[in-house]
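Enquirer: First the structure, then my questions, so here it is.
The values are calculated or read from the model by the stated rules, or taken from the named source; none is laboratory data. Everything numeric in this text was worked out from a predicted model, so none of it was measured. Neighbour counts run over all protein chains shown; Cβ positions are idealised from the backbone, glycine included. Calculation scope for accessible area: heavy atoms of the full protein, side chains included, ligands and nucleic acids excluded. Shrake-Rupley method; radii C 1.70, N 1.55, O 1.52, S 1.80 Å.
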Amino acid sequence: MIRQERMQVVDQKQIARHIFELTVQGGLTSEMTAPGQFVHVRVADSYEPLLRRPISVAAIDPELQQFTMIYRAEGRGTSLLSQKKPGDTLDVLGPLGNGFPVEQAEKKAYLIGGGIGVPPLYELAKQLNANGIQTVHILGFESKQAVFYEEKFKELGETHIATVDGSHGTQGFVTHILNELPKDFDTYFSCGPTPMLEAVQWAFPEKRGFLSYEQRMGCGIGACFACVCRTTKSETDYIKVCSDGPVFPAGVVIA
Amino acid sequence: MIRQERMQVVDQKQIARHIFELTVQGGLTSEMTAPGQFVHVRVADSYEPLLRRPISVAAIDPELQQFTMIYRAEGRGTSLLSQKKPGDTLDVLGPLGNGFPVEQAEKKAYLIGGGIGVPPLYELAKQLNANGIQTVHILGFESKQAVFYEEKFKELGETHIATVDGSHGTQGFVTHILNELPKDFDTYFSCGPTPMLEAVQWAFPEKRGFLSYEQRMGCGIGACFACVCRTTKSETDYIKVCSDGPVFPAGVVIA
Amino acid sequence: MTNLTVKLPGLNLKNPIMPASGCFGFGKEYAQLYDLSELGAIMIKAATVEMRLGNPTPRVAETASGMLNAIGLQNPGLTKVAGEELPWLERFDVPIIANVAGTTTEDYVEVAREISKAPNVHALEINISCPNVKQGGITFGTDPLVAKELTRAVKNVASVPVYIKLSPNVTDIVSIAKAVEEGGADGITMINTLLGMRLDPKTGRPIIANITGGLSGPAIKPVALRMVYEVRKQTDLPIIGMGGVATVEDAIDFMSAGANAVAVGTANFVNPFVCPEIIAQLPEKLHDLGYESVEELVGRSHRL
Amino acid sequence: MTNLTVKLPGLNLKNPIMPASGCFGFGKEYAQLYDLSELGAIMIKAATVEMRLGNPTPRVAETASGMLNAIGLQNPGLTKVAGEELPWLERFDVPIIANVAGTTTEDYVEVAREISKAPNVHALEINISCPNVKQGGITFGTDPLVAKELTRAVKNVASVPVYIKLSPNVTDIVSIAKAVEEGGADGITMINTLLGMRLDPKTGRPIIANITGGLSGPAIKPVALRMVYEVRKQTDLPIIGMGGVATVEDAIDFMSAGANAVAVGTANFVNPFVCPEIIAQLPEKLHDLGYESVEELVGRSHRL
Ligand SMILES: Cc1cc2nc3c(=O)[nH]c(=O)nc-3n(C[C@H](O)[C@H](O)[C@H](O)COP(=O)(O)OP(=O)(O)OC[C@H]3O[C@@H](n4cnc5c(N)ncnc54)[C@H](O)[C@@H]3O)c2cc1C
Ligand SMILES: Cc1cc2nc3c(=O)[nH]c(=O)nc-3n(C[C@H](O)[C@H](O)[C@H](O)COP(=O)(O)OP(=O)(O)OC[C@H]3O[C@@H](n4cnc5c(N)ncnc54)[C@H](O)[C@@H]3O)c2cc1C
Ligand SMILES: Cc1cc2nc3c(=O)[nH]c(=O)nc-3n(C[C@H](O)[C@H](O)[C@H](O)COP(=O)(O)O)c2cc1C
Ligand SMILES: Cc1cc2nc3c(=O)[nH]c(=O)nc-3n(C[C@H](O)[C@H](O)[C@H](O)COP(=O)(O)O)c2cc1C
Ligand code: FES
Ligand code: FES
């Protein structure tokens, strides 16, 4: 069930350039059903900024009723969010959307992320590993300073890093790494900028894949039609990223 | 000189119902020339609320470069102001306007204040006493819970309190007290709601008096013509409360 | 007991608060969050004769205390709205105000005729003010004569009372209000969005794919309130007021200015519980102000 | 070196940033804070033939990301403005744009003729858009024909270039822009304030004594930007853009949309140093965006 809750800020720290890790605590956590879901966060009790910001769930701790977001503080709203301190509260609406179908992976899964698309893959990797699935992580960032969670992913499985400027890992995009890797996985999961998602789909037409999309949002719950995408299926002429997604099977969304 | 400065919040506490005492520190303090001046405070780094709030200077500590404001937190802006904590900064524009002419008092002065008009009289009383002037304080409040600084005023001179509901001091308005007091003062200074100022002017037509007025403000420095009042003098057809005042000699302003 | 009920043509409202069209879909999403029967009414998303896919994305952009949208009347079309969405809403005890849009007078007439037959549609809201479609929409809302003719045409076929939704993007909104009154409108809803624009700071490109979008939210409240006040001075038609309502105080303001009921749009996105919250706060607020009913409050700014 | 200069009819600007009329008085107050010679130009407060006392107070009210004002063109009158205020401003190396207001065409003509003789007045801004006076003001700004005639009349007597200040409270601002262009205007300044209202939550009474006031500040920026963009598409007249500018990014937005220079109004009240701050930030900002001059940037949104 979707809830709106004033959650407690438990921890906030900067973990890479412009990248913050924010953990909050509250009952809403227990509503979370799958990695890849997101929450809609109100960053200030002001009309300016007015709208909520969609942020993915990066890690869930059901016992402590805490979850973690990892986000890039660049615009007005996320900059304000980065000023929240333990003891502050945060108005969170969620969990929203449908996450990654963990149960679809059989033995080995590729998790392919770019930039701020990486965070939801962390909770996904945890759950896949818990289910006994072997995960390989292929993560792309701008540069060395923007890299985060490398060690955490390594703890869960083989991890490859690409940076655009080559300052860390392979130089280039995640696709450069993918070209070199064996195709011995059964399922892939991906989250990142739309061009990356497109490239990943093209690279593995024969594989089962699930992609998480981004769109500018209004309501975040499916009521305003802000976040639509056309689809390849004639019976559904468009989908809403917020409530039908953000995760869709490969080949469905025309982004 | 008027300055705009990000001042340090040194202390904030609630001292009566809805009434807060806020002390800030910074170089702007050294520009203050007279009690009765005010500052224009930006309560948030947001466009909502947009405008600065005019607040009187209630006490100045030139050595520590600190000054104190006392204000009623009721509307949106002052409520946000009341959340500032030591360590926060506050965007202050000031000092603004012309304060009370301390040098005009000869021997004995009456200081007559109502509600949030009381604060500037405190610094005034301190400076008058420092100049060897005897001060009598006649202060009006809504009720007992709204009374503040009674002890502090008592330390400086005879102090009379009126409350509208009679829960403390004399029941009624400051004018009820004034009717009972001797007329042995040479100068009066007053700050409070306009009807109170009018009543005080009427009560002492023969005395030298100085009144501090309130108007809704835009710029606070004399440029926007938001805060004008008509005057009784033909050569000046209107005055601006922010830059010509807020303090005017009795008999000048048509409020 | 404070009386929240409001009686308007076609609408016996439990209370004067309802979600505005386009900000509440067809109710399904918010029904996950609370019981829609609590609402005074529901203004559903615009319906057109044929299904519409609307504009390309991005369709929304944030502005200072407001947002722009250019959804472009995306909707599943008359048949599906009447055949699926409206029947689904019948489970709630709440009157539906169906928002009607189109490109030609014939479009409006067809949708109005058909949709007003649905048992839970108690009134129509004719959207002559949508700024986000190339044809129709706002063009009907800016010329008094055209607005009057359209009103008449829709009135001829509608089997429920007809409210006309006015555009704020006009020199003289009172003249449009008077025109639709002459055309036989049963009421007015106002305002739709102000036409605005936001640019990407890096590229200078408009953020909204449609280039311009409709501005809504607290930023426009002063304009909306002024327009409601002006129109109330010049007509006795019932007004459902909207534009930036986010709190019970905002709702009181609109009723003070002369609105008989109040719709809440953008604020639903910020606080999905805003409508039931305002409804819950209304009785105490009215009591504090010294009123025993909503109807006593309406128009108080004009009686001072 | 980034080139900030802008050449417009009558105006050789060091940079494109200037305070907007009515938000900077006649400069004296801000001169206490910084050297006015830093500014691109100064738009002084409206002058009328006779001294005006303006409207009763309260004259301002805050709104979400904006404010309302109903000053009512208070000013000391033509003689004093020309005889005292303008000579005082001569100490600064900055062109003055004199804002001209009136009730009748004759008023405008008289003020325009006399004030344009002042040596530091390099251009006139004809205020046909003030929403806060009962007569004149906005009435001239809402009818294209009337606006054209007034422009012609003022052009006949003015000894400096004439800019017409447009009102946003119209259905079709482009038609007004085209009309004043036909009337011989040398440029356009836009936008003036949107008509709005705020109520006292307790009493329901309008806060502004004049009942309605002009809405300004960040809230109106999307509307202003859209209008500048639309007018730029349809005319080659120089445009001085304004409405909610508070940061260097805002100024860039207006120039991207087609404004040749930018005026800052309400933001002066929030941050009295806003104009020199924007001017100081412009070179780096332009450089980051890949432009070497302001003139290169102007209108980039139309070239995408
Ligand atoms: C389902 C989903 C999950 C996301 N998860 C994450 C995450 O885990 N970590 C993270 O850093 N970012 C994530 N994003 C992107 C994040 O929402 C934007 O970066 C953020 O909204 C930008 O806000 P701002 O205040 O920084 O920018 P501003 O420029 O102030 O934003 C202005 C408006 O535009 C919207 N907007 C701007 N950029 C984007 C964008 N890229 N996507 C959607 N809306 C945008 C904002 O939400 C806001 O309404 C996610 C987006 C979606 C749709
Ligand atoms: C020269 C001067 C000195 C003042 N000194 C003090 C003081 O020392 N302590 C104190 O508590 N108050 C003082 N006030 C009054 C104080 O400015 C207002 O109470 C305050 O601005 C209200 O802001 P808000 O955010 O609570 O209300 P809101 O309702 O959010 O205010 C909305 C707008 O109206 C203006 N406004 C509302 N009420 C008033 C008012 N009474 N006077 C002027 N503007 C108003 C606000 O400044 C703001 O622009 C002074 C006013 C003036 C003019
Ligand atoms: C995302 C969005 C979609 C809208 N769609 C419609 C619509 O389909 N029909 C309509 O008449 N108005 C539509 N509107 C306008 C609203 O109903 C309302 O008139 C306007 O937003 C002002 O109210 P607000 O400030 O409370 O949002 C829409 C507004 C928004 C924000
Ligand atoms: C207090 C105030 C007074 C104004 N007076 C005038 C005026 O005398 N003449 C005029 O043409 N515009 C006047 N304006 C309008 C501004 O010049 C400007 O067009 C408008 O405020 C929009 O810009 P902003 O949002 O930056 O304030 C005034 C605006 C304000 C806020
Ligand atoms: S954001 Fe409103 S429908 Fe998706
Ligand atoms: S507040 Fe602007 S002149 Fe006084």
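Enquirer: Which residues belonging to the range C:209-254 lose at least 50 Å² of 1.4 Å-probe accessible area when the assembly is complete, relative to their chain isolated?
Expert: C:Pro218, C:Pro222, C:Arg226, C:Tyr229
Enquirer: Now for a different question. Taking a probe of 1.4 Å, how large is the accessible area per residue of the range A:3-96, in Å²?
Expert: 37 Å²
Enquirer: Which of B:His176, B:His160, B:His137 moves the most in a Gaussian network model of chain B with Cα springs under 10 Å?
Expert: B:His176
Enquirer: Then there's this: Counting only protein heavy atoms and using a 1.4 Å probe, what share of the accessible area of the range B:3-96 belongs to carbon plus sulfur, as a whole percent?
Expert: Of the solvent-accessible surface of the range B:3-96, carbon and sulfur hold 46 percent.
Enquirer: Would you mind working out the accessible area per residue for the range C:1-77, using a 1.4 Å probe, and quoting it in Å²?
Expert: That works out to 28 Å² per residue.
Enquirer: Provide an ascending nm list, one decimal, of label-point separations from B:Asp45 to the equivalent residue in each further copy; define each label point as 7 Å from Cα along Cα→Cβ.
Expert: Label point to label point, same position, other copies: 1.9 nm.
Enquirer: How much of the DSSP bridge set in chain D is antiparallel, in percent, rounded to the nearest 5? Kindly include the intermediate steps, with their values, before the conclusion.
Expert: Working: 15 of 39 bridges.
Percent antiparallel among DSSP bridges in chain D is about 40.
Enquirer: Restrict the search to the range C:38-99; then list the trypsin sites (Lys or Arg not before Pro) that DSSP places in a loop and that have at most 13 other Cβ atoms within 10 Å of their Cβ.
Expert: Qualifying residues, ordered by number: C:Arg91.
Enquirer: Can you give me the % of accessible surface on chain D that is carbon or sulfur? Probe 1.4 Å, all protein chains present, nothing else counted.
Expert: Ligands and nucleic acids excluded, carbon and sulfur give 49 percent.
Enquirer: Using 7 Å Cα-to-Cβ label points, what is the C:Leu33/A:Thr89 separation (nm, one decimal)?
Expert: 1.7 nm
Enquirer: When chain A is modelled as a GNM with alpha-carbon springs shorter than 10 Å, which of A:Glu103, A:Glu214, A:Glu142 fluctuates the most?
Expert: A:Glu103
Enquirer: Find me the longest stretch of chain B that has none of the exposed trypsin sites (Lys or Arg not before Pro), where exposed means in a DSSP loop (not H, G, I, E or B) with at most 16 other Cβ atoms within 10 Å.
Expert: Here the longest segment lacking exposed loop sites spans B:18-106.
Enquirer: Could you tell me the center-to-center distance, by alpha carbons, between the range C:1-24 and the range D:1-69 in angstrom?
Expert: 46 Å
Enquirer: Then there is this: Cα-based Rg (one decimal) and Dmax (whole number) for chain D, in Å?
Expert: Values for chain D (Cα only, Rg and Dmax): 17.8, 58 Å.
Enquirer: To continue, here is another question. Run a plain Debye calculation on the range B:117-246 (Cα atoms as equal point scatterers, no solvent) and give log10 I(q)/I(0) at q = 0.21 Å⁻¹, rounded to two decimals, same order as the q list.
Expert: The Cα Debye sum returns log10 ratios of -1.30.
Enquirer: Of all beta bridges DSSP finds with both residues in the range B:133-255, what is the antiparallel percent, to the nearest 5?
Expert: Expressed as a percentage, antiparallel bridges in the range B:133-255 total about 40.
Enquirer: Here's something else I'd like to know. What is the helix-to-structure angle for B:119-130, meaning the angle in degrees between its Cα long axis and the longest Cα principal axis of chain B, kept from 0 to 90 and rounded to the nearest 10?
Expert: 70 degrees
Enquirer: Expressed as a whole number of Å, what is the distance separating the alpha-carbon centroids of the range A:103-124 and the range D:177-232?
Expert: The distance from the Cα centre of the range D:177-232 to that of the range A:103-124 comes to 51 Å.
Enquirer: Can you tell me the relative contact order of chain C? Whole percent, Cα pairs under 8 Å, sequence separation 6 or more.
Expert: Reported relative contact order: 20 percent.
Enquirer: Here's something else I'd like to know. What Kirkwood hydrodynamic radius do you get for the protein assembly as shown when you take the inverse of the mean 1/r over all pairs of distinct Cα atoms, in Å? Don't jump to the answer; show the numbers that get you there.
Expert: Working: mean 1/r = 0.0316 Å⁻¹.
It works out to 31.6 Å.
Enquirer: Structure shown: which of A:Lys152/A:Lys207; C:Lys14/C:Lys45; A:Lys126/A:Lys152; C:Lys28/C:Lys165 lie over 19 Å apart, alpha-carbon to alpha-carbon?
Expert: The answer is A:Lys152/A:Lys207; C:Lys14/C:Lys45; C:Lys28/C:Lys165.
Enquirer: Under the rule of -39500 (n - 2.57) per DSSP H run of 4 or more residues, summed and divided by the residues of chain D, what mean residue ellipticity at 222 nm is obtained, to the nearest 500 deg cm²/dmol?
Expert: So the helix-based figure for chain D works out to -9000 deg cm²/dmol.
Enquirer: While we're here: Can you send over the carbon and sulfur percentage of the accessible area for the range B:102-214, probe radius 1.4 Å, protein chains only?
Expert: Carbon and sulfur together cover 51 percent of it.
Enquirer: Further question on the same structure: Any idea how far the Cα center of the range C:274-296 sits from the one of the range D:242-286, in Å?
Expert: First find each Cα centre; the distance between them is then 43 Å.
Enquirer: Need the per-residue list for the range C:1-35: every residue with at least 40 Å² less accessible surface in the complex of protein chains than in the chain by itself, probe 1.4 Å, sorted by number.
Expert: In the range C:1-35, residues shielded by partner chains: C:Glu29, C:Gln32, C:Leu33.
Enquirer: In Å² (nearest 100), what accessible area is buried between D and C, both sides summed, heavy protein atoms only, 1.4 Å probe?
Expert: Accessible area lost upon association: around 3100 Å².
Enquirer: Hey, in the GNM for chain C with a 10 angstrom Cα cutoff, which one of C:Thr203, C:Thr105, C:Thr247 fluctuates hardest?
Expert: Answer for the Gaussian network model of chain C: C:Thr203.
Enquirer: Semi-axes of the equivalent ellipsoid for the range C:124-244, please: Cα gyration tensor eigenvalues, times 5, square-rooted, ordered largest first, whole Å. The partial results should precede the final answer.
Expert: On the way: eigenvalues 151, 53, 24 Å².
Working through the eigenvalues yields semi-axes of 27, 16, 11 Å.
Enquirer: Mind checking which lysines have their C-alpha under 20 Å from A:Lys84, skipping anything on the same chain fewer than 8 residues away?
Expert: A:Lys13, B:Lys84, B:Lys85
Enquirer: Per-residue Cβ counts within 10 Å, from other chains only, averaged over B:37-49: what number is that? Before the final figure, lay out each step's value.
Expert: Working: counts 0, 0, 0, 3, 0, 2, 0, 4, 3, 12, 19, 18, 8.
Neighbouring Cβ atoms belonging to other protein chains average 5 per residue here.
Enquirer: What nm distances, shortest first, do you get from the label point of C:Thr203 to those in the other copies when the point sits 7 angstrom along Cα to Cβ?
Expert: Between copies, matching label points for C:Thr203 lie 5.2 nm apart.
Enquirer: Let me ask something else. Can you give the angle from 0 to 90° between the axis of helix A:194-203 and the longest principal axis of chain A, with both taken from C-alpha atoms, to the nearest 10?
Expert: Rounded to the nearest ten degrees, it is 30.
Enquirer: Can you give me the relative contact order of the range B:102-214 as a percent, contacts being Cα pairs under 8 Å and 6 or more apart?
Expert: Averaging sequence separation for qualifying contacts and normalising by length gives 29 percent for the range B:102-214.
Enquirer: Excluding residues fewer than 8 places away in the same chain, name every one of the lysines whose C-alpha is closer than 16 Å to that of D:Lys117.
Expert: Those lysines meeting the cut-off are D:Lys80, D:Lys155.
Enquirer: Moving on to the next point. Looking at the range D:159-260, which trypsin sites (Lys or Arg not before Pro) are in a loop (DSSP not H, G, I, E or B) and have at most 15 other Cβ atoms within 10 Å?
Expert: Loop-located and lightly packed - D:Lys202.
Enquirer: Still on this structure, please answer the following. Which parts of the range D:48-68, residue by residue, lose 50 Å² or more of accessible area when the rest of the protein chains are there, as against the chain isolated (1.4 Å probe)?
Expert: D:Leu53, D:Thr57, D:Val60, D:Glu62, D:Ala64, D:Ser65
Enquirer: Can you give the FRET efficiency for C:Glu182 and C:Arg113, using 1/(1 + (r/R0)^6), R0 = 22 Å, r = Cβ-Cβ distance, to the nearest 0.05?
Expert: 0.50
Enquirer: Still on this model: Rounded to the nearest 20 Debye, what is the dipole magnitude of the range A:3-96 about its Cα centre when Lys and Arg each give +1 and Asp and Glu each give -1 at the C-beta?
Expert: The dipole of the range A:3-96 has a size of about 300 debye.
Enquirer: Another one. Give, in nm to one decimal, the length gained when the segment between C:Asn12 and C:His302 is fully stretched (0.36 nm per residue of separation minus the Cα-Cα distance).
Expert: Details: separation 290, 0.36 × 290 = 104.40 nm, distance 2.46 nm.
Separation in residues times 0.36 nm, less the Cα-Cα distance, equals 101.9 nm.
Enquirer: Any idea of the total accessible area buried by the D-B contact, 1.4 Å probe, rounded to 100 Å²?
Expert: That pair of chains buries around 2700 Å² in total.
Enquirer: I would also like to ask the following. Using the Cβ atoms and a cut-off under 10 Å, what net charge is assigned to the surroundings of D:Val170, where Lys and Arg are +1 and Asp and Glu are -1?
Expert: Overall, the nearby charge balance is -3.
Enquirer: Would you mind working out the accessible area per residue for the range B:204-255, using a 1.4 Å probe, and quoting it in Å²?
Expert: 38 Å²
Enquirer: Can you list, shortest first and in nm, the gaps between the label point of A:Ser30 and those of its counterparts in the other copies, using a point 7 Å from Cα in the C-beta direction?
Expert: Once sorted, the set of distances for A:Ser30 reads 6.0 nm.
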